[in-house]
Structures are given as C-alpha cells and as structure tokens.
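Visitor: Here you go, one structure.
The values are calculated or read from the model by the stated rules, or taken from the named source; none is laboratory data. These numbers were taken from a predicted model, which means no experiment stands behind them. Glycine gets a Cβ as well: all are built from the backbone with ideal geometry, and neighbour counts include every protein chain shown.
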Amino acid sequence: MDPIYWVILLLLSGFILMVLEFFVPSAGSLGGLSAICLIAAIVMAYSIGAPAGTTVLLLVLVGVPIVLAGMIKIWPYTPIGKRLFLNPTPPDDDPVQVDLQQYVGRVGVATTPMLPAGMIRIDRSSFDALADGEAIEKGENVVVKGVRMKRLVIRKAASYEASRPRVPGPDEAKDDLLARPIDEFGIESWDET
C-alpha cells in the first residue's frame, strides 16, 4: 500500500476518534488515540517528503480546532451533554410560566440541601432556587432576594436580616458615632490649619 494512503487513513482515523471522544465516555483514551493517529500521519507524511508533511501538518493545525469547536458547540445537545448540562431556561411556550419577581422578599423553607442549588417551598409551591453565598441545610428558613436565570436567589433568613442596612432609632443615634453629625465632634476643617 502506498504511504499516502496510510497518511489519509491515519488522518481520517484521528478525526473520527476525536469526534467519538465526545459521544463515547472513554476517560480520554479515544482522545489519546486520536492524537497518536494525527501525529503518526504527520510523521509519515514527512517521510514521503517535506511538501506532503507540511501540507498534512497545516491540515491538522487547522482541522483540529475546527473539529473541536464544532463538537463543543453541538456537545450540549448530545445524550451525554444533556446529562452534564442543565437547561436553566424552560421553553417559552410553557403554559405554567410564573412571574418569579413576585416572590422577592418572601420567606420560605429549603426542602433540599442548597449546595448551591436546590428546591424551596413558599406557601404550598415548590421552586428551583440558588443559594447566594453560603450553603443552606434542608429545613432552614430562607428569604428570596432576587431572580436569576428563572431561579429564585435565596439566603438564610437570619443572614439576610443581618446583611440589610439598618437605620438606628432616635435613642440609638446618640450612642452611634457614625450617625452623629461631624459638627458635634469639634473637628477643625483642613482650611483653618
């Protein structure tokens, strides 16, 4: 068999194995075999001659990124990709669309551990939620602080109250140094010194 046929066979095998790596869970072995086939094709092409070797090298340098980019683009729609990637947005024709903004500020209960995503219950309805900041255990009270990607963004009810800015009352303003006007401290301005 002519060496050019081996080069073509190795190139095709390398690209086919690269595509199969995205569809068949092989822990990288198909990708490794693909790399070996492509390198062998380049070496064999250089054994034929420099122009053939350079042509195959350029074909591999251009073809590999194109094939990888194409596979990465379609991979989320493959059976394995669908298992690994969550579809955060429901279809637009979903008749049960609920305006989630109405739940901002409401208090609910975590029905699953939130590490960081899980489920919460507000009144008698369950919602997908995303914990903002810290992990939340099942059964803890949570408060909805926003909506992101069709999910409620929540915090523990106690930590949410602690992070909200608090305005001191009139009797507390005397003890709070930051709430008092600067004139009460008798500080001279910079211009006078």
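Visitor: Suppose we keep only residues that are of a type in the set (A, V, I, L, M, F, W, C) and surrounded by 12 or more Cβ atoms within 10 Å (Cβ to Cβ) within segment 159-189. Which one would you say is modelled with the highest pLDDT?
Guide: Taking segment 159-189 first, the residues of a type in the set (A, V, I, L, M, F, W, C) are 162, 167, 173, 177-179, 182, 185, 187.
Subsequent filtering for residues that are surrounded by 12 or more Cβ atoms within 10 Å (Cβ to Cβ) retains 173, 179.
Values: Ala173: 53, Ala179: 66.
Restricting to residues being of a type in the set (A, V, I, L, M, F, W, C) and surrounded by 12 or more Cβ atoms within 10 Å (Cβ to Cβ), the top hit is Ala179.
Visitor: Sticking with this structure for a sec: Determine whether Met1 is more than 30 Å from Arg83 (Cα to Cα), of a type in the set (A, V, I, L, M, F, W, C) and not in a helix (DSSP H, G or I). I'd like the intermediate steps shown before the answer.
Guide: On the way: more than 30 Å from Arg83 (Cα to Cα): yes; of a type in the set (A, V, I, L, M, F, W, C): yes; not in a helix (DSSP H, G or I): yes.
Considered against the rule, which asks whether it is more than 30 Å from Arg83 (Cα to Cα), of a type in the set (A, V, I, L, M, F, W, C) and not in a helix (DSSP H, G or I), Met1 comes out as yes.
Visitor: Out of the residues in segment 55-71 meeting the condition of being hydrophobic (A, V, I, L, M, F, W, C) and without any contact (Cβ under 8 Å) to a residue 40 or more places away in the chain, tell me which one is surrounded by the most Cβ atoms within 10 Å (Cβ to Cβ).
Guide: Top of the filtered list is Leu57.
Visitor: State yes or no: is Met119 in contact (Cβ under 8 Å) with a residue 40 or more places away in the chain and among the hydrophobic types (A, V, I, L, M, F, W, C)?
Guide: No: the conditions fail for Met119.
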